[in-house]
Structures are given as structure tokens and as C-alpha cells.
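The values are calculated or read from the model by the stated rules, or taken from the named source; none is laboratory data. These figures come from a predicted structure and were not determined experimentally. Here the Cβ is made from the backbone with ideal geometry for all residues, glycine too, and neighbour counts use every protein chain on show. These accessible areas exclude ligands, DNA and RNA; they are computed on the full protein's heavy atoms, side chains included. Shrake-Rupley method; radii C 1.70, N 1.55, O 1.52, S 1.80 Å.
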Amino acid sequence: MSNPQTADVTLYAYPPSSYCQSVGMMLAECGIVPRVVTVDPFGGSGSIPHPFGAVPVLEDGSFALYETAAILRYLDAAYAGGRFTPAAPHALARMAQVEGIADSQGYRAFVRQVYGERIFAPLEGERPDEAVIAEGMVAARAVLAALEAIAAEGLVLTGSALTLADVHLAPMMGFFAATPEGAAALASHPALSAWFGAIAGRRSYRETSPLGR
């Protein structure tokens, strides 16, 4: 990670959010220590400067930005010189593809269905819905297979040359892998498992994870 930078950055975040962890990781990789305003988009605590009441929201001085992918791209361009965005067309396209898979397919299966029911629901005093978990695992296996092929290709998700795809996906994978079902499923995908092991070992991941270090 970079040395701390002086920046007037505020992050509106909900700690148990994989998307908020993604932005936290990126801030850490850029060496920025933000002022964090903790809000709850579900319980209505705190005022969130977002038209849909969601998080994360980043304020850099007078410039406000929401949507995780947009925030990651902004931080990379503004504070990291674009080093987390590949220059090669194929790698750039794969990075965008991974982010799209994560948002359109991965988040619901990994976080909302499997992690949400297996771990988060009991923390809230609720019984896990096994049918939802089973449905999530069916979807998750298809997502893992697609990501395994990309990781094995070696353009992105390498575990060494960090891109925005890593920062976008890793927290979702961490939530999923925190469940017994998720950990077992991930272990059967060698390239993806090696990638996640490398990313989970980064200081930026460990220090921003709401799952413990």
C-alpha cells in the first residue's frame, strides 16, 4: 500500500457491506485515510447523501460520488495514477467483465443468499432459510466456474498484479468463503482459490474486512 496521502475524503459506509469494504480496500491501497461516517441503509440511522439511500458514498472535498465501480475508478485515477487499471485491451476488458459478473451474478448468490442466510441471519436472531442457501449455491457454482476460467487465463485475478477487479470481487468472495458451503466450493477451483488466498493476505483486505482478521 502507498504511504498516507493528505486528502479531504469522507466515506459513508455500512460496516457489514462487501461494497463498502471494496472502497475501503481501494482507499487503503491509495494510502488515503478517510473520515468514515457509519450509516445503516436498512435501519434508517444517519443521513446518506445518495438518491436511493444506499452505500458506499464518497465525498472528496465538494465532489460526491456513489456506485462502487465509479468510486473505485475515480480513486484509481485521482490518487493512484491509474495503476490499478490495465493498459492492455484484453486485460482491461477482462477487468470490466469480472466487475460485471460480480455485480450481476456474484453479489446476490455469494453475499445475500449464502452468507446472508448462513451467517448474518443468525447474528440477527433469525433462522437460516436453507432453501435460499441451496438456491444461492446453485447460482454460486456457475459464477465460480466462470471466474475460475478467467483466473486460470492469467490476464486478471492473478493474485499479484492488483486491478480494480480484485478490489471489487475480493470482499464478496470473502463473505462467501466465510460459510462452510462457500469455503468448500471455492476450494474446488484451484486458480480462483489461489487468487483469493493471495488477496486475502493483503494488508488492505485484512484491515478493512468486517469478518475479522
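Structure notes:
- Pairwise FRET efficiency - PHE52 versus LEU123, Cβ, R0 = 25 Å, nearest 0.05: 0.50
- J(HN,Hα) series, segment 33-42, from Karplus relation 6.51 cos²θ - 1.76 cosθ + 1.60, nearest Hz, glycine and proline x: 9, x, 7, 9, 10, 7, 10, 10, x, 9
- In Hz, Karplus ³J(HN,Hα) per residue of segment 133-138 (6.51, -1.76, 1.60; θ = phi - 60°; x = Gly, Pro): 4, 4, 5, x, 5, 4
- Counted charge near THR85, where neighbours are those whose Cβ lies closer than 15 Å (Asp, Glu -1; Lys, Arg +1): -1
- The chain - charge dipole about Cα centre, Lys and Arg +1 at Cβ, Asp and Glu -1, debye rounded to 20: 420 debye
- The phi torsions of segment 151-157, fed into the Karplus equation with coefficients 6.51, -1.76 and 1.60 and a -60° offset, translate into couplings of 5, 5, 5, x, 7, 9, 6 Hz, rounded to whole numbers, with Gly and Pro shown as x.
- Per-pair calculated FRET efficiency, R0 = 30 Å: ALA184 and GLU153 via Cβ, rounded to 0.05: 0.80
- VAL36 accessible area, assembled protein chains, probe 1.4 Å, Å²: 80 Å²
- With the gyration tensor restricted to C-alpha atoms of segment 1-91, the semi-axes of the equivalent ellipsoid amount to 23, 15, 11 Å, longest first.
- Adding -39500 (n - 2.57) for every DSSP H run of four residues or longer, then dividing by how many residues the chain holds, sets the calculated 222 nm ellipticity at -14500 deg cm²/dmol.
- Semi-axis lengths (Å, descending) of the ellipsoid that matches the C-alpha gyration tensor of the chain: 26, 23, 14
- Pairs of C-alpha atoms in segment 141-198 farther apart than 16 Å represent 32 percent of all such pairs.
- Using only alpha-carbon positions in segment 88-149, the gyration tensor eigenvalues give semi-axes of 29, 11, 7 Å once each is multiplied by 5 and square-rooted (largest first).
- Span per principal axis, largest first, for the Cα atoms of segment 61-109 (Å): 35, 28, 10
- Among 87-95, 203-211, the order from most to least packed when residues are scored by Cβ within 10 Å on average: 203-211, 87-95
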